[in-house]
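**Q** Dropping the structure in here first, questions after.
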Amino acid sequence: MPTVLLLLATVAALLGVAFWWIRRNNLAVYPAGRGPLVRQPLPTGCDLGERLMAASAVDAPQSAPAAGSGVAAPERAAAPAPAKPPKRKKPSGPSRRAFLRNSWLIAWLGVLASFGGASLAFLWPNLRGGFGAVIDLDSEDAVAAAIAEGGGRFEYPSGRMYIVSYDPANDPDGDYADITNGAPFMALYQRCVHLGCRVPWCASSSWFECPCHGSRYNRWGEYQFGPAPRGLDRFNLSVEEGRVTVDTSTVITGPSRQTSILGEPPSGPHCN
Ligand code: FES
């Protein structure tokens, strides 16, 4: 839900910026009263006729009175003032060209915003229990039961991890004490440290065996065989007030190839 809200907010913000930008540029290019829609009105047919008549009245020669008639020459008729062309009503709103340009721009910005929002939602870590967050798995008893039911491991796909049981008695030097924090479990990253394939559990050998290039790891994720450069990476796990939590925001580099503290041979044939 927060991801959807974040996506909608991003789209709304981008559209708001787009509207502001378009309005600002229109006003900057065409200041008030000088936009592309203000045109000089063309004279109509009636206007032209009136102007021609007025011009002929002004240019026509006055008939001179006969000499010695004693009649004063008539006053020259004043030319009628040319009629002002009727003002054209200025169309309100943007021109068709501006409308189409703005529509295209908004459409493209909408597409870009959707794409950006979707990418963001895909890459953003799921803060409510997915990989990249601190995950509250379950109660200690429930996790122990899930490991027993899974034949030695409990798989948690959305956290991309396996939970295996950990007995400090098998780790006398406490090599894994800092990532288990006194809990009877250990959290292993499912990603193969060779080239990144997901490493499945092999029920017959009770090892983790990578199908891509054949790397094998024992139940604690320690290197046993293949091209992998080290043991499986892992996460910090702790038990607080009976709840098992795993911090998947930080990947802890796995033990070296030479580290094999568990010393547990395969329980049966290998899968790969
Ligand atoms: S990716 Fe696992 S062995 Fe190559």
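**Q** Looking only at segment 225-252, filter to residues that are within 12 Å of the ligand (Cβ to nearest atom) and crowded, with 22+ Cβ neighbours inside 10 Å; which one of those is nearest to the chain's Cα centre (by Cα)?
**A** 232
**Q** Select from segment 138-173 the residues that are assigned to a strand (DSSP E or B) and hydroxyl-bearing (Ser, Thr, Tyr) and write down the one among them that is nearest to residue 239 (Cα to Cα).
**A** Filtering first and then ranking leaves 139.
**Q** Filter segment 207-223 down to the residues that are open to solvent by 10 Å² or more (accessible area, probe 1.4 Å) and more than 10 Å from the ligand (Cβ to nearest atom), then identify the one that is nearest to residue 188 (Cα to Cα).
**A** Filtering segment 207-223 for residues that are open to solvent by 10 Å² or more (accessible area, probe 1.4 Å) and more than 10 Å from the ligand (Cβ to nearest atom), the one nearest to residue 188 (Cα to Cα) comes out as 219.
**Q** Given the condition open to solvent by 20 Å² or more (accessible area, probe 1.4 Å) and under 23 Å from residue 132 (Cα atoms), answer yes or no: does some residue in segment 170-180 qualify?
**A** yes
The values are calculated or read from the model by the stated rules, or taken from the named source; none is laboratory data. Small disclaimer: the values here were computed from a predicted structure and weren't measured. Neighbour counts are summed over all protein chains in view; Cβ atoms, including those assigned to glycine, are modelled from backbone coordinates with ideal geometry. Please note that ligands, DNA and RNA were not included when accessible areas were found on the heavy atoms of the full protein model with its side chains. Shrake-Rupley method; radii C 1.70, N 1.55, O 1.52, S 1.80 Å.
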